[in-house]
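Comments concern the structure below.
The values are calculated or read from the model by the stated rules, or taken from the named source; none is laboratory data. Note that this is a predicted model, so its numbers are computed, not measured. Please note: Cβ atoms are built from the backbone with ideal geometry, for glycine as well, and neighbour counts cover all protein chains shown.
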Amino acid sequence: MPPDNRTVLVTGASSGIGRATCARLIDEGYRVIGLARDFSKLGDAITLSATLRVDLGKLDELAPELADLTQAHPQITDVVCCAGRGRFGSLEEFSTSQIRALIDLNLTSTIMLIRALLPQLKRNGHGDIVVIGSESAVKGGRMGAVYCASKFGLRGFLQSLRYECASANVRTTLINPGMVDTAFFDSLGFAPGDAPDQAIQAADVAETIVGVLATRPGTVIDEINLSPLKHVVRGK
């Protein structure tokens, strides 16, 4: 289906991978609806078809907001889930509320969003669901038990969802980036190295998403792993 006949909902649209994805999809001719908690960082260079201010971390408010979203935007044909955050530390350093907050945003809200949109994607008879996972969805790491749990959960969710969607020509893809040079690391005690080959750029992930959406309809790209050429972690 030509890009100009497709409307893509992008979560986490205001910054990082989400913002880069919005810009790249618009360049390709897609109509893009952005969903984010705050659009103050988006800037004037990107013109979205619509902006939806939703805090995906507030699950108690999410169900009615998603119902409103599907009613207001039945034109959505595809969804790209980029929203998420990182928090790292030993399990004993996490409070119950911190565990819930990370799982709610990184995993549960994505499941709820896709659940809300899936009926209309199936009615359309086509569509792509693309979710940004992480290298932490493939291999557990030190100080990452809760974060890895949220990302491993996404991986299992999409692997199962793939079989529910195939008969309606709806495809699912998980993209697992390594460390990406974005504001994701601003609140963390570590970051990728400074050299160009020590971090993925948000534009690299956006380009991969464009490739997934453009793939021949009869082919599913189930999962993609992206890594910087050199794995360097620097402390702050």
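Answer yes or no as to whether residue 114 is closer than 29 Å to residue 192 by Cα, touching a helix residue (DSSP H, G or I) at 6+ places or on another chain (Cβ under 8 Å) and buried (at least 18 other Cβ atoms within 10 Å of the Cβ). Taking the combined requirement at face value, the residue does not satisfy it.
Residue 149 - would you say it is at pLDDT 95 or above and closer than 22 Å to residue 13 by Cα? In short, no.
Annotation note: of 50, 83, 36, 116, the sole residue that is of a type outside the set (Lys, Arg) and more than 26 Å from residue 156 (Cα to Cα) is 50. So how many residues does segment 163-196 have that are under 17 Å from residue 225 (Cα atoms) and small (Gly, Ala, Ser)? Number of matching residues: 1.
From the list 194, 204, the lone residue that is of a type in the set (D, E, K, R), touching a residue at least 12 places away in the same chain (Cβ under 8 Å) and surrounded by fewer than 16 Cβ atoms within 10 Å (Cβ to Cβ) is 194. Of all residues in segment 120-135, those being crowded, with 23+ Cβ neighbours inside 10 Å and either hydrophobic (A, V, I, L, M, F, W, C) or over 13 Å from the mean Cα position of the chain (by Cα) (or both) number 5. Name the single residue, out of those in segment 6-39 being among the hydroxyl-bearing types (Ser, Thr, Tyr) and out of contact with any helix residue (DSSP H, G or I) (no Cβ under 7 Å at 6 or more places or on another chain), that is farthest from residue 74 (Cα to Cα). Filtering segment 6-39 for residues that are among the hydroxyl-bearing types (Ser, Thr, Tyr) and out of contact with any helix residue (DSSP H, G or I) (no Cβ under 7 Å at 6 or more places or on another chain), the one farthest from residue 74 (Cα to Cα) comes out as 14.
Among the residues of segment 180-200, the ones that are under 14 Å from residue 17 (Cβ atoms) and acidic (Asp, Glu) come to 1 in all. Among the residues of segment 139-171, those that are in a helix (DSSP H, G or I) and among the basic types (Lys, Arg) comprise 151, 155, 162. Which residues, taken from segment 172-206, are aliphatic (A, V, I, L, M) and either outside any loop (DSSP other than H, G, I, E, B) or in contact with a Ser or Thr (Cβ under 8 Å, 6 or more places away or on another chain) (or both)? Across segment 172-206, the qualifying residues are 174, 175, 180, 183, 191, 200, 202, 203, 205, 206.
Checked against (1) in contact (Cβ under 8 Å) with a residue 60 or more places away in the chain; (2) under 24 Å from residue 121 (Cα atoms), residue 227 meets all criteria but (2). Considering (1) within 28 Å of residue 64 (Cβ to Cβ); (2) out of contact with any Asp or Glu (no Cβ under 9 Å at 6 or more places or on another chain); (3) in contact (Cβ under 8 Å) with a residue 60 or more places away in the chain; (4) not aliphatic (A, V, I, L, M), the lone condition that residue 128 does not fulfil carries the number (2). Determine, yes or no, whether residue 181 is over 30 Å from residue 77 (Cα atoms) and either modelled with pLDDT of 95 or more or surrounded by 14 or more Cβ atoms within 10 Å (Cβ to Cβ) (or both). In short, no.
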